[in-house]
Amino acid sequence: MNKDEDVDVEQVILRSDNDCKRAGNLYKKLNLFESVVISLEVKGFKTRNFIKAPKYKKVAPEWFPECLDFVESDTTSEFIDTLPGFRNRRRLTAAPEKMIGDVLAGFTLADYGNAVAEALKTNKTSWVLLNLAAFYHRMNGDAYFGLECAKRAFHYSPKEHKDIALISMASLLYRGNHAEDALTIARATPNICGDNSMAPAVYTLTGLILASISDFDAAVDAFSAAIKHTKQPEVLHSYRYAIKCHAKVQIRHAL
């Protein structure tokens, strides 16, 4: 099948298939690397209760929340440390996640980073601050430091809040082209956090990862699980239809 025939077949599917119709414009906009984050706010915490606006501007590197400077590397975890992507985290690259800007709580990215770094100086093992630091590095596109901060946040977090750091680590590994490692973490999150995990976010990320490796049936199941755990399922329904549509188009292209 040549390129023109591919386009024609795709257009026929988009016009005639019910799942594609239900997906609407989302099919064309479908981004399997959509950012997924569990913010402090959805857990009932307010970011501005933990960090304050810098009294003066300073953007020297030592003010960035690198986490290595604040917490001794005693946060080993066999579950995480044995993952190939995590072992090679110094080599990981990931595009900046500007779409999670809501976590900034009104700060600019620079002020947010400085404020988190300043707060960590006096509270080096705060799971909240370490998660905020991971968010900063996700937005800044620094996979290595993001993973270091998220790993420490995971270590110090209470069980019911470990999902915040786990989703950050899974997201960074996924965006760093280690989908299988990301999937391992995402799938383990409900077992680690129990019923307290933020299931819609966890299953949404799981679904995106599965779709990216062409496991479309499992991806649809993941979005179905996400839908069951939310009171506002409209967007997730659209994603599920878009994934089903995407799968049908990919299968036809492969013929």
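Can you go through ASN177, ASN196 and tell me which one is modelled with pLDDT of 90 or more and surrounded by fewer than 19 Cβ atoms within 10 Å (Cβ to Cβ)? Give the derivation first.
Values: ASN196 fails: modelled with pLDDT of 90 or more.
The conditions single out ASN177.
Quick check on region 43-54. Is at least one of its residues assigned to a helix (DSSP H, G or I), at pLDDT below 90, out of contact with any strand residue (DSSP E or B) (no Cβ under 7 Å at 6 or more places or on another chain) and over 20 Å from MET169 (Cα atoms)?
The first filter runs over region 43-54 and keeps only residues assigned to a helix (DSSP H, G or I), leaving 43, 47-49.
Those still in the list that are at pLDDT below 90 too: none.
No, the conditions are met nowhere in region 43-54.
Just the residues that are part of a loop (DSSP other than H, G, I, E, B) and out of contact with any helix residue (DSSP H, G or I) (no Cβ under 8 Å at 6 or more places or on another chain), please, taken from region 193-231.
Filtering region 193-231 down to residues part of a loop (DSSP other than H, G, I, E, B) leaves 197-198, 213-215, 229-231.
Residues satisfying the conditions are ASP215, LYS231.
Do you know which residues across region 166-182 are among the aliphatic types (A, V, I, L, M) and over 11 Å from the mean Cα position of the chain (by Cα)?
Start the filter on region 166-182 by keeping residues that are among the aliphatic types (A, V, I, L, M), which leaves 166-167, 169-170, 172-173, 179, 182.
The answer is ALA179, and nothing else.
I need the full set of residues from region 151-172 which are in contact with a Lys or Arg (Cβ under 9 Å, 6 or more places away or on another chain) and within 15 Å of VAL103 (Cα to Cα), in order please.
Within region 151-172, ILE164, ALA165, SER168 qualify.
Restricting to region 33-42, count the residues that are of a type outside the set (D, E, K, R) and either surrounded by fewer than 18 Cβ atoms within 10 Å (Cβ to Cβ) or touching a strand residue (DSSP E or B) at 6+ places or on another chain (Cβ under 6 Å) (or both).
Step one: list which residues in region 33-42 are of a type outside the set (D, E, K, R), which gives 33, 35-40, 42.
Restricting the remaining residues to those that are either surrounded by fewer than 18 Cβ atoms within 10 Å (Cβ to Cβ) or touching a strand residue (DSSP E or B) at 6+ places or on another chain (Cβ under 6 Å) (or both) gives 33, 42.
Of the residues in that region, 2 qualify.
Exactly one condition in (1) over 28 Å from VAL9 (Cβ atoms); (2) of a type in the set (D, E, K, R); (3) part of a helix (DSSP H, G or I); (4) more than 18 Å from the chain's Cα centre (by Cα) is not met by ARG187; state its number.
(4)
Right, HIS161: part of a helix (DSSP H, G or I), closer than 15 Å to PHE79 by Cα and in contact with a helix residue (DSSP H, G or I) (Cβ under 9 Å, 6 or more places away or on another chain) or not? Can you show your working first?
Numbers: part of a helix (DSSP H, G or I): yes; closer than 15 Å to PHE79 by Cα: no; in contact with a helix residue (DSSP H, G or I) (Cβ under 9 Å, 6 or more places away or on another chain): yes.
It is false that HIS161 is part of a helix (DSSP H, G or I), closer than 15 Å to PHE79 by Cα and in contact with a helix residue (DSSP H, G or I) (Cβ under 9 Å, 6 or more places away or on another chain).
Just to verify a result, which residue in region 17-42, among those that are of a type in the set (Asp, Glu) and not in a helix (DSSP H, G or I), is farthest from LEU172 (Cα to Cα)? If you could, list the steps in order and put the result at the bottom.
Taking region 17-42 and keeping what is of a type in the set (Asp, Glu), we get 17, 19, 34, 41.
When the remaining residues are screened for being not in a helix (DSSP H, G or I), the result is 17, 34.
Values: ASP17: 34, GLU34: 12 Å.
Here the answer is ASP17.
Conditions first: (1) buried (at least 20 other Cβ atoms within 10 Å of the Cβ); (2) touching a residue at least 24 places away in the same chain (Cβ under 8 Å). ALA150 passes all but one, so which condition is the exception?
(2)
The values are calculated or read from the model by the stated rules, or taken from the named source; none is laboratory data. Small disclaimer: the values here were computed from a predicted structure and weren't measured. Note that we place each Cβ from the backbone using ideal geometry, even for glycine, and neighbour counts take in every protein chain shown.
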